[in-house]
1. Find how much the distance from residue A:165 to residue A:587 grows on full extension, using 0.36 nm per residue of separation minus their present alpha carbon separation; answer in nm with one decimal.
2. In peptide A:521-531, what is the residue-averaged number of other protein chain Cβ atoms found within 10 Å of each Cβ?
3. Starting from the Cα of residue A:60, draw a straight line to each of the lysines and keep only those under 18 Å, dropping any in the same chain fewer than 8 residues away.
4. Grab the beta carbon distance between residue A:71 and residue B:21, set R0 = 30 Å, and tell me the FRET efficiency rounded to 0.05.
5. Where does each of B:156, B:431, A:726 land when they are ordered by accessible area, with a 1.4 Å probe and the largest first?
6. How large are Rg and Dmax for region A:388-465 when only the alpha carbon atoms are used, in Å?
7. Could you work out, residue by residue across A:590-603, how many beta carbons of other chains sit within 10 Å of that residue's beta carbon, and then give the average as an integer?
8. What do you get for Rg/Rh of region A:103-178 when both radii come from the Cα atoms and Rh is the Kirkwood radius?
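The values are calculated or read from the model by the stated rules, or taken from the named source; none is laboratory data. On a predicted model such as this, the values are computed, not experimentally measured, just so you know. Cβ coordinates were reconstructed from backbone atoms using ideal geometry, including for glycine residues, and neighbour counts include every protein chain displayed. Calculation scope for accessible area: heavy atoms of the full protein, side chains included, ligands and nucleic acids excluded. Shrake-Rupley method; radii C 1.70, N 1.55, O 1.52, S 1.80 Å.
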2 protein chains.
Amino acid sequence: MAEYSTVGKSIPRVDGLEKATGKAVFTGDMHLPGMLTGKIKRCAYPFAKILSINTEKARKLTGVKAVITAKNVTQFSYGYVVDDELPLANTYARYAGEEVAAVAAIDEDTAEEAIDLIEVEYEKLPYVLDAEEAMKPGTPVVHLNRENAKQNIAHHVEFIRGQGEAAFKQADLILEQRFSTQVAHQAYLETQACIAQWDISGKLTVWGATQNPFYIRNVLAGALGIPEHQVRIIVPSIGGAFGGKGYLHPHFPISALLAKVSGKPVKIEYTREEEFISGRPRISEIIDLRLGFKKDGTIIAKSAALIANCGAYAGVCPYIMAASASRADSLYRLFNIKVTANLVYTNTTPRGPFRGFGNPQMFFAMESLIDQAASELGIDPIELRLKNAIHKGETTVHGWILKSCGFDKTLRLAREKSNWSKSRQKSDKYHGFGVACQVHNGGNKAIAAAQGGYDGSSAIINVDQYGKVKVISGEGELGQGILTVFTQIASEALGVPPNDITVMPQVDTDVSPFSFGAVADRGTVLGGNAVLMAAKDARKQLLEYAAAKLGLPIDDLDIKHGKFYDKDSSKEVATVREIAHDTVLNKLGGAYITGRGEYRVPDFVVVPDKSGYGNFCICYTFSTTVAEVSVDSDTGQVNVLNIWHAVNIGRAINPAACEGQVEGGIIQGIGYALSEDYIWNQGILENPNFTDYKVPLSAGVPKIHCLWIEEPNPDSPFGAKCIAEHSLSPVAPAIANAIYNAIGVRLKDLPLSPEKVLKALAEKKRGNKG
Amino acid sequence: MAEYSTVGKSIPRVDGLEKATGKAVFTGDMHLPGMLTGKIKRCAYPFAKILSINTEKARKLTGVKAVITAKNVTQFSYGYVVDDELPLANTYARYAGEEVAAVAAIDEDTAEEAIDLIEVEYEKLPYVLDAEEAMKPGTPVVHLNRENAKQNIAHHVEFIRGQGEAAFKQADLILEQRFSTQVAHQAYLETQACIAQWDISGKLTVWGATQNPFYIRNVLAGALGIPEHQVRIIVPSIGGAFGGKGYLHPHFPISALLAKVSGKPVKIEYTREEEFISGRPRISEIIDLRLGFKKDGTIIAKSAALIANCGAYAGVCPYIMAASASRADSLYRLFNIKVTANLVYTNTTPRGPFRGFGNPQMFFAMESLIDQAASELGIDPIELRLKNAIHKGETTVHGWILKSCGFDKTLRLAREKSNWSKSRQKSDKYHGFGVACQVHNGGNKAIAAAQGGYDGSSAIINVDQYGKVKVISGEGELGQGILTVFTQIASEALGVPPNDITVMPQVDTDVSPFSFGAVADRGTVLGGNAVLMAAKDARKQLLEYAAAKLGLPIDDLDIKHGKFYDKDSSKEVATVREIAHDTVLNKLGGAYITGRGEYRVPDFVVVPDKSGYGNFCICYTFSTTVAEVSVDSDTGQVNVLNIWHAVNIGRAINPAACEGQVEGGIIQGIGYALSEDYIWNQGILENPNFTDYKVPLSAGVPKIHCLWIEEPNPDSPFGAKCIAEHSLSPVAPAIANAIYNAIGVRLKDLPLSPEKVLKALAEKKRGNKG
């Protein structure tokens, strides 16, 4: 491995101090002159026809500056694949929590009072909450106005690979199970917030937390019916996102409409309750999965039928469901597949992206069923996976080209470090070990297809007259640490210490280069490539200027630690500051030395075909997770004791930051596995708060062992692969498999709550196998 | 003249709507989270030793978060040529209004109350207000601590050109007069204001109105003792500046110190009274001027002794006095000169830059004395000036290289349009016509010498995927209209309509390219050159991308009105939007098409030598002003009826904007000529408000006739010369000469108040000639 000066070192987060000390400015901290507070009136019923909205009393309240409904503003429907959503509900409100009116007032109290004064006359309608039921004839239709959604089908995916189901004929063992997964919230600490302000020219500026400001800009422009360039998004500090801020939440267009009507800037900040009720939590799925195996463990065939519940609106869910339907297949040499998947409307909170996209759902099913197969075939679960593992150089069933992989190495490393074989044998009663694996993509040319096939990134690096370096990228910081990663990449490539580098923390669509944003695990691999290119470009220019100034051949010069050296003598000949000062002031008319990085994915990355076939990103991250659990047979409580997580990380640019990402994903995975759930009672969410919606507490966090395999990926900066999303997906199946190892029952319905464990134990006692 | 599509047209100001409707955000409109209000405790005596400052009561007041004095903060002395100033006075307070302490509190009332609670024990000292007196031995010494300022001399300039005084021997007529000019305030509507905030890393961000944010950054860093790159200046909308915001006013370092102590952002906003008392108004001068003439009107020799009063601190005044001492000479073929000039400390408000820099003072003297010579020699004043006028191609006495001039043409045009000869003859009693001229520089490599001889400018032009163009420059908008000028230059050069172009309005030293700022009339000529170069660069790239995309030879393509045309057929072949969209997303990884303009002044522009000899800018603006006045013999009131202003403008990029500049300068010149003055009573300013300090009211504004001569200057964008400062300077002498023409008395002491007019008339009656 090459010797790097910064890359591979756990330098402190560059935004750590300001965040740890409360100095960072989040949207909620901001105040603009004349700013009003916006509040949203939400529907109280799961499904209702809006007969009339009387806003008179609200309008008359002193301090109220705007009251809007679908009837008195101009708004346009929007969406990703299906344009089924409006900022404010017009004729129908399709879930309990939907936006039906909004006010802007001089303060929060007045706004809340005004919301209470708005009188909405509804005709309550029969509703449907369950996705499977929603598909049956005769059940309520959520989108009565959409011809093509009569059976509540928002989107349908279907594909066959190889022999499809016919391959089951070759199987010695066929297993079939139904798995189901729940709705889970991203549970970021900072609730959704934005401030909208129109200038006199009709241009809209929005400050708000979003992962993909450029995309939000475009969708927002569509919802308001204005040109994209008339919208500017500026992103303050973000307090976590995890996919949940990668979507045009209705507070964006609603605050813009309120600002338009009132002529003042308007801030809307969700309460935690609003977050749960009207956020965009993870899609719940019902997965009927069938796998066929040869006696020796070879997986020969897969068929799956997915029912994915997107709630009242489709949003990004068509893409998420498509990911669920296919991505898990590329982990193995599995070439005969048939999948059908339906995205179904129900009268519940609309769903959206969440770390792992559609992977956690399908890996729960796949990795649970493979575990069952290992049991039934009498093969060690890790051995069975090793037998089927895909390898570097291979092309997967969906056309993914693996220029790096290392999946088998993650299985072996996790096995070794968890002392798998011995530990499992020695396991006490109520104490078990389970394994599960996953693969995740870095970037996504499929989603980016909406931008004309774009999945690049670009960066600008300016060196000023003090030799200080500024990196400008359109990729943003949401807490994941990208500012630090970009600092290290730029530092390494330029030869300038990290302290002399600042990455502009705030994405501003009027200033930052266009980008697809901090989604699809693309920051380090795509954004990092652009930063690397820009740094190399700036370094080249610095060397040219220095060579000219010093009268030395350019090839004799090197830059290290902010200084120019003569390569032969290793003698310092100038500082970067000296050369930059002279160049900026005397050569460039005050312009900074500017390096440009314009990264486009290479030609082997394509937009997949209609069936989803095609290599859609430059690298894939493979990992193996082993969970050790104990089960309390009296309470049903599952305690996770240890997690070993082995990942082919390519290169850990900042190992501590990678640990942060992996640990965070695993902890969210534990919540997903054991406790987090949306609980509805007759269509009303019963637990929209952190008391009743149970995220893991620190006491419930196990010892997490991060195990790196560093095999550089050829197409990414310093070989780094994506690290943000993958670790969540295998946690639930690893825990479920460990529970089976501990108590001999297979739980197939997330979350694996104490009640379900107790019930399963009781059934097992009664002789029913899981 | 070439046919331009945008240049030369009076398109509406791009920032007009938001300013006219009150939507623009000025510093005073801003609020940061947790922000405190800062207030300054000022010395009440013209000169005092600070014995002690008791801040205890102020500190105990609820809501007070910081109280600072020179004793409890770390501060460093700063200045331009002389480092004689501190943010907060330490041992001595040198004028009534000097900053001795400051507080930050939760609101303005509390801050004011705290200021009143600060008890300062002073030892009152004898003071000196008059500059001439200050130079005499035995008078109080303002800077007791400065060895070299024993006679209160802050700076001294002396030079001889040609034969110097010896040339007077050849003169047929020698005139000698003493002229004196007063203190005048820039009277911008927006008072000084800034907000300072430190981040956790120790970096200081300051939002505030300043003309030269990069220079302010550097001086501020010096005053605080931190590295320059640790300071970031962001400039909100500016409500007028006129030179008065081109200086590090003490509220910048004081707010920074308060913010440091309190740990919160601190805003300081001057009251109008503070503006007058502690702003940086124009230097007052006493000018003993002697001119020698041949019988035929040839000016053969000049000698001058200047006493310039800089008040308590030198600031930028050494440069301003140097300008006074020499610049007026370059208007004529005048080659024998001797000048001595002393900048003198007094116990009055420190002075600073104001539109015209040092020119209005000296042109008042020169152009008045030349008028007297014309009378005494029996030569028409315009003829006398034509005889001596400098011409294109000549090098002036101070080494200025005139690649364009047109001075004679301005004299002839003003003569023609004012119907000079006939009007003057027909003049009734108490009704007269006067003429005066000036020359002004565009840019200033002398001042910029402080930046290593830098006097360039740079600009970046980004074309985004919508074909929308963004111009980024480090030159700022203060109301002068540079955003509109840059829009027109970029539009013309790129071939894209002005509506598709946005100039980033806010200079941000962390984002904008380095610049010397909106001072020294450099915006259009230097900044404009950079924008023009950037636009040409971007156009070239657009043509290359279009040629490649369309498969056409690049030489066949043209860009006009946002579209690509085939030159031969004049057929539209693509839009800029189409080509930009494809290029940005598919060729540049999301990076915008970026043009760079890096303008350095050419080699014929130099830093002048020690005596001030050298061509220090790329172009000079020559103009002639004719004033028509009537004088009320009962009240002494002078009414200005008409002003004809003929200027060799090079090119009027936006004629309406040029008119705005010229008219504004003339109106300020009328105030300077007739009414504006600082009135002290025992060292205390008596008229620090717009009731008693008399700026011209609209009723007093004459009809102003702007007369353009458009002879493109070879080194500036589309030939444009600088237009912001020049028109003020000749107004006072033109009016004084018109008064002489009307009533036969010469007034030599500004302002030409009714009292002085009446006194002169009375003296004339008693047989004393002026």
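1. Details: separation 422, 0.36 × 422 = 151.92 nm, distance 6.90 nm.
Roughly 145.0 nm would be gained on extension.
2. Working: counts 0, 0, 0, 0, 0, 2, 2, 0, 1, 3, 0.
Mean shielding count: 1.
3. A:39, A:41
4. Details: r = 28 Å, r/R0 = 0.95.
Result of the calculation: an efficiency of 0.60.
5. On the way: B:156 90, B:431 35, A:726 0 Å².
In descending accessible area the options line up as B:156, B:431, A:726.
6. 20.6, 68
7. Working: counts 22, 16, 7, 0, 4, 0, 5, 3, 7, 4, 6, 1, 0, 0.
Averaged over the peptide's residues, the number is 5.
8. 1.31
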